[in-house]
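Below is one structure; the comments refer to it alone.
The values are calculated or read from the model by the stated rules, or taken from the named source; none is laboratory data. Quick caveat: nothing in here was measured; it's all calculated off a predicted structure. Glycine also receives a Cβ, built like all others from the backbone with ideal geometry; neighbour counts cover every protein chain displayed.
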Amino acid sequence: MAKAKTIFACQSCGFQSSKWLGKCPDCNQWNPFAEERFEKATTPRGELSLGTKDEPAPIHEIDTTEEGRVLCGIGEFDRVLGGGLVPGSVILIGGDPGIGKSTLLLQAFAAVSQTGLTCLYVSGEESPRQIKMRAERLGIAAPNLLVLSETSLERILDHIKKIKPGLLVIDSVQTIFSTAIPSKTGLTTFLIGHVTKDGAIAGPRLLEHMVDTVLYFEGERGHSFRILRAVKNRFGSTNEIGVFEMKEAGLKEVTNPSEIFLMERPLAVPGSAVVCSMEGTRPILVELQALVSRSFLAVPRRTTIGVDHNRVALLVAVLEKKMGAKLFDQDIFVNVAGGVHVDEPAVDLGIIAAISSSSRDDVVDAKTVFFGEVGLAGEIRGISQAEARVKEAGKLGFERCILPSSNVAQLKHIKHPNLAGVSSLSECWKLLF
Ligand code: TYD
Ligand code: MG
């Protein structure tokens, strides 16, 4: 057995030192060092999953035929992974405590284990009894799903050697972690990680660099919707999302997010506008709400939830300058209903429509969807994937899309909904108010 020794590793860049230092000589961060026990024989950092010790080869001769992916059986999950699990890959999944990470993986593993693959769920946070109780709540009966409550690395490795599972979950990296697990076993591994207050996965930042895929499981407290988002994926696109709803008996996939996000929309109320945002290849309709009211503060409030604060400030300035809106003494609140985040410029037009609608106390037609980027001169700029957005609006029964006129030309073949192209805010206003 290799001799264990203690080293100090910079949690931000990975620099290693045999002594504790106050400042990292490599990345100049203050106080980044944490003590780590280190076995001399472990694989060096960065060799987590490459697994090859090949000679350099001409790029055109490299074999790219993919090993068969394993489908989890939960469509939304497979989509975010880029079409299923790549054997041997290491996936880090982060999220706030209580958001549903353990539930999601227990459900996914139960589904995968139905294919005959042995899945091992190692928890350092819960006892087997607690996990069993959760499984019962989820209605899971999966003989190939093994549960182990353990925090000692040696013992986990021993079990892995004996059982030879096809899939492994470590819940969570904060309670048990060492790169030795995936690098020694070559197993498809999920690592669950908690997220700190500022939204980063707690623990060494290096972890995110070493794994193949980083997923975030997000949602607003008090809302049942959860969104699974890939922020790094060596085997697929990073802009796909999976939408789930947390129910009494676990997470349920939401295959028609637009419908759900619009379900409780008030009709004929000022300050509400529907926008179409693309999440990866998927158009999602969401309701934007704005409330503009007289401010009694020296500096009026600008509060946004679900949209970028600076973007809203910029759009308010455009409204004041180009459309003569008087907002300097008004508090402005903007919210995306359902606890979703939209951060595409294509939602600009909808934000502006909702703010104006509230400030004029004038209703925006409830059967209209907006999309278009708004420039500083008040011009409406073309956006990508207009056709997918228009089709989604049509599918959900909307009768009109107000969109950039430069996009209309490519969409002549679409008969429904009605396409109203605009190239400036004033043109848009003529249609609206
Ligand atoms: P959990 O998976 O334990 O979260 P995490 O691992 O991210 O910390 O989920 C915890 C929350 O989910 C808990 O507050 C209760 C809720 N929940 C349901 O609403 N329905 C369910 O079927 C389950 C299992 C949990
Ligand atoms: Mg948990």
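Miscellaneous remarks
- Taking the listed residues VAL342, VAL316, VAL347, the one that is modelled with pLDDT under 95 and either polar (S, T, N, Q) or touching a Leu at 6+ places or on another chain (Cβ under 9 Å) (or both) is VAL342, with no other qualifying.
- Taken over region 221-234, the residue count meeting the criterion of being surrounded by 17 or more Cβ atoms within 10 Å (Cβ to Cβ) and away from ligand 1 (no atom under 11 Å from the Cβ) is 6.
- Enumeration of residues in region 306-323 that are among the small types (Gly, Ala, Ser) and assigned to a loop (DSSP other than H, G, I, E, B): GLY306
- For region 220-234, the criterion of being within 29 Å of ALA366 (Cα to Cα), more than 16 Å from ligand 2 (Cβ to nearest atom), assigned to a strand (DSSP E or B) and in contact with a Phe, Trp or Tyr (Cβ under 9 Å, 6 or more places away or on another chain) is met by at least one residue.
- Any strands (runs of 3 or more DSSP E) falling wholly within region 346-429 and containing at least 1 residues that are polar (S, T, N, Q) and free of Cβ contacts under 8 Å to residues at least 60 places away in the same chain: 418-422
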